[in-house]
Amino acid sequence: MAKVLGIGTATLDIINTVEYYPTEDEELRVLSQRRCVGGNCPNTLTVLQQLSHKCVFAGIMADDPDGRFIAQQLKQTGVKVDDCRVVEGRTPTSYITLSRATGTRTIVHYRALPEFSFADFAKIDLSSFDWLHFEGRNITETLGMLTFVRKKFPYLPWSVEIEKPRANIENLFEGATILLFSRHYAAYHGYAKAQTFLQELHSSLPHTEKVCAWGKEGAYALGNGGEIKHAPAFFPPQVVDTLGAGDTFNAGFLNARLRNHSLSESLTLACQLAGRKCGQQGFNGLG
Ligand code: ADP
Ligand code: FRU
């Protein structure tokens, strides 16, 4: 069991489940609707918490009813939110269309809040944490956080999720213990294969574990040994909800590494957990 601090953004997810994904300008009635906490880092922490880790989320929360709902929901799952900064404004909201026919999730996101800053981060007492996990965003401020950690807590390991291609996000690579890449990021940079993408990163980042989830094709990783590892996807009897599959994969992988499983085993365990998640609605019962 580890004490994990995650830095990122929390959202309100409004999830409309529909029979099939509508065409543009169509009118379609939803089968069901639910409101829940979302955001990559909160999702990952929610799963890690179920896997017996002690998780703390740090980010910006809006001082509105949705912001209070998010804080209360996270607390209910055991994730602490005391290091968040509350500001005036509206909670970031994702309007999600979940297709029952395919299990795909289409996200339209509203966001107008400031980002968690280095000054906010510097107020957190890092001495009790075993692991830090960052969303790869807000590059200048996040780089300040990483530089600070490297200087003041050189033995504290960290992971960064590299999901969306953003200007200068590569500045966050150096010094990470684990980098968790998305297929989207690799594809954006012209890679059709995760293996080539990871191999090309290896020479500049030989000591960082580089992981890349590849949807239904499972996931790949390249660690210190220099050998590519692969685990196939785990297919549930029925794909019900793929929202947060990647966030669950990340939690599964971090949990496995925190428990000293090998790189190869960790990939397998992460794919199994993400696959189980795809077979159910939401993140409950993954522990
Ligand atoms: P996201 O779109 O949430 O970022 P990915 O597509 O990268 O997630 O998938 C992350 C992991 O989740 C994959 O490595 C795979 O193990 C699992 N996964 C994703 N989609 C499916 C699916 N349809 N069936 C089974 N497993 C899946
Ligand atoms: C899923 C998710 C949702 C959130 C969106 C933010 O991976 O974290 O919960 O609304 O992505 O980009």
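The values are calculated or read from the model by the stated rules, or taken from the named source; none is laboratory data. Just so you know, these numbers come straight off a predicted model, no measurement behind them. Heads up, the Cβs are rebuilt from the backbone with ideal geometry, glycines too, and the neighbour counts pull from every protein chain shown. Calculation scope for accessible area: heavy atoms of the full protein, side chains included, ligands and nucleic acids excluded. Shrake-Rupley method; radii C 1.70, N 1.55, O 1.52, S 1.80 Å.
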>> Out of the residues in the range 86-110 meeting the condition of being within 16 Å of ligand 2 (Cβ to nearest atom) and under 16 Å from Asp63 (Cβ atoms), tell me which one is surrounded by the most Cβ atoms within 10 Å (Cβ to Cβ).
In response: Pro92
>> I'd like to know if the range 162-169 contains one or more residues that are part of a helix (DSSP H, G or I) and surrounded by fewer than 16 Cβ atoms within 10 Å (Cβ to Cβ).
In response: no
>> One residue is enough: does the range 24-38 have a residue meeting the conditions within 21 Å of Lys123 (Cα to Cα) and either polar (S, T, N, Q) or buried (at least 23 other Cβ atoms within 10 Å of the Cβ) (or both)?
In response: no
> Between residues in the range 121-136 that are touching a residue at least 12 places away in the same chain (Cβ under 8 Å) and over 22 Å from Arg259 (Cβ atoms) and residues that are among the hydroxyl-bearing types (Ser, Thr, Tyr) and assigned to a loop (DSSP other than H, G, I, E, B), which pairs lie under 8 Å by C-beta distance while being six or more apart or on different chains?
Replying inline: Glu135/Thr9
> Would the range 142-153 turn up any residue that is at pLDDT 95 or above, within 20 Å of the chain's Cα centre (by Cα), under 25 Å from Ser266 (Cα atoms) and open to solvent by 30 Å² or more (accessible area, probe 1.4 Å)?
Replying inline: no
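Okay, residues lined up against (1) farther than 19 Å from Gly39 by Cβ; (2) within 16 Å of ligand 2 (Cβ to nearest atom); (3) among the β-branched types (Val, Ile, Thr):
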site: Ala192; (1), (2), (3): yes, no, no
site: Gly215; (1), (2), (3): yes, yes, no
site: Ser262; (1), (2), (3): yes, no, no
site: Gly279; (1), (2), (3): yes, no, no
site: Leu286; (1), (2), (3): no, yes, no
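Here's the yes/no breakdown for (1) within 19 Å of Thr242 (Cβ to Cβ); (2) touching a helix residue (DSSP H, G or I) at 6+ places or on another chain (Cβ under 8 Å):
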| position | (1), (2) |
| --- | --- |
| Val4 | no, yes |
| Glu19 | yes, no |
| Val37 | yes, yes |
| Asn43 | yes, yes |
| Leu51 | no, yes |
| Lys54 | no, no |
| Pro65 | no, no |
>> Can you pull out every residue in the range 20-42 that is within 16 Å of ligand 1 (Cβ to nearest atom) and either farther than 29 Å from Leu132 by Cβ or of a type in the set (S, T, N, Q) (or both)?
In response: Tyr21, Asn40
>> Restricting to the range 250-283, count the residues that are free of Cβ contacts under 8 Å to residues at least 24 places away in the same chain and either polar (S, T, N, Q) or out of contact with any His (no Cβ under 7 Å at 6 or more places or on another chain) (or both).
In response: 6
> Do we have any residue at all in the range 6-19 that's more than 30 Å from Glu135 (Cα to Cα) and open to solvent by 10 Å² or more (accessible area, probe 1.4 Å)?
Replying inline: yes
>> Being modelled with pLDDT of 95 or more and either under 27 Å from Ala256 (Cβ atoms) or under 19 Å from the mean Cα position of the chain (by Cα) (or both) is the filter here; which residues of the range 99-112 pass it?
In response: Thr106, Ile107, Val108, His109, Tyr110, Arg111
>> So, Gly175, is that one part of a loop (DSSP other than H, G, I, E, B), more than 18 Å from the chain's Cα centre (by Cα) and more than 23 Å from Lys123 (Cα to Cα) or not?
In response: no
>> For Val37, only one of the following conditions fails: (1) within 15 Å of ligand 2 (Cβ to nearest atom); (2) over 27 Å from Gln238 (Cβ atoms); (3) aliphatic (A, V, I, L, M). What is its number?
In response: (2)
